[in-house]
Amino acid sequence: MSRRGWRSRLADVLIRWGSALQPTHPVLSAVPAPVEAADQSLLEAPPEPPPDSSSDHHRQAAATKLPGVRAPLSIERAVRSRDLTVLKREACDALAALGAAHAVVTSARLAQIQSLRSEVDRGDASEDDLVELAGDYQAWQNDQVRLFDALALVLGMGVPDGRAFDQIDTGMEKAAQAHLSALAAEYQRRLLSEQFEAGEKEG
């Protein structure tokens, strides 16, 4: 099977997953089923830890969500500690998960477009609303294509056994380490730039 045919087949599978996960009426909010008495314990809040440890835990959890706070050395540690085959598998898993998530949202956007089109035909919604939603759907679809291309590229890569530094001469390790550190710093710089740009747009 050609690479284009493989991507089309993968796209169809992920779209079908998204369609299977969406409710019958995606626009209407589903009414939750009543909770049995035996399941009430599942809704009870867990016991709170002591105030000091709880506040520390919340601060640490919030910090891990900020890309600028993550240690730049995490990339270097991954390259040094993991085999190339493991890194390739992790990259494929991450791309496949993100592609599946995009497929679910894209499928939901398509269902919303179909519902909104019916409202426009009845005069309950404007054409501008439909155009705006269609543009959002197209953006998700474009991102999905790029994800499939990236996944196909990584899946098709051939990597040797062993870690990255096993593939180079010992005399080149110092230069390779400097290069790896520069790449990690550049990745961190881009994360910070995106974080600041997002903050400026929200402000």
Conditions (1) closer than 25 Å to ALA101 by Cβ; (2) loosely packed, with under 11 Cβ neighbours inside 10 Å -> ASP161 fails only (1)
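Here's the yes/no breakdown for (1) assigned to a helix (DSSP H, G or I); (2) closer than 27 Å to GLN144 by Cβ; (3) without any contact (Cβ under 8 Å) to a residue 60 or more places away in the chain; (4) not hydroxyl-bearing (Ser, Thr, Tyr):
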| position | (1), (2), (3), (4) |
| --- | --- |
| GLU76 | yes, no, no, yes |
| ARG80 | yes, no, no, yes |
| THR85 | yes, yes, no, no |
| LYS88 | yes, yes, no, yes |
| ASP93 | yes, yes, yes, yes |
| SER107 | yes, yes, no, no |
| ALA111 | yes, yes, no, yes |
| ASP121 | yes, no, yes, yes |
| ASP124 | no, no, yes, yes |
In region 141-188, anything of a type in the set (D, E, K, R) and within 18 Å of the chain's Cα centre (by Cα) is listed as ASP143, ARG146, ASP149
With the first residue restricted to region 176-188 and required to be under 13 Å from PHE165 (Cβ atoms), and the second required to be outside any helix (DSSP H, G or I), Cβ contacts under 6 Å at 6 or more apart or on different chains are ALA176/ILE168
Of the candidates ASP143, ASP149, ASP161, the one satisfying the condition of being touching a residue at least 40 places away in the same chain (Cβ under 8 Å) and part of a loop (DSSP other than H, G, I, E, B) is ASP161
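Each reported figure results from applying straightforward, stated rules to the coordinates on display, with no laboratory input. Treat the numbers as computed from the prediction; the structure is a model and nothing was measured. Reconstructed Cβ throughout: ideal geometry from the backbone, glycine too, with neighbour counts over all protein chains shown.
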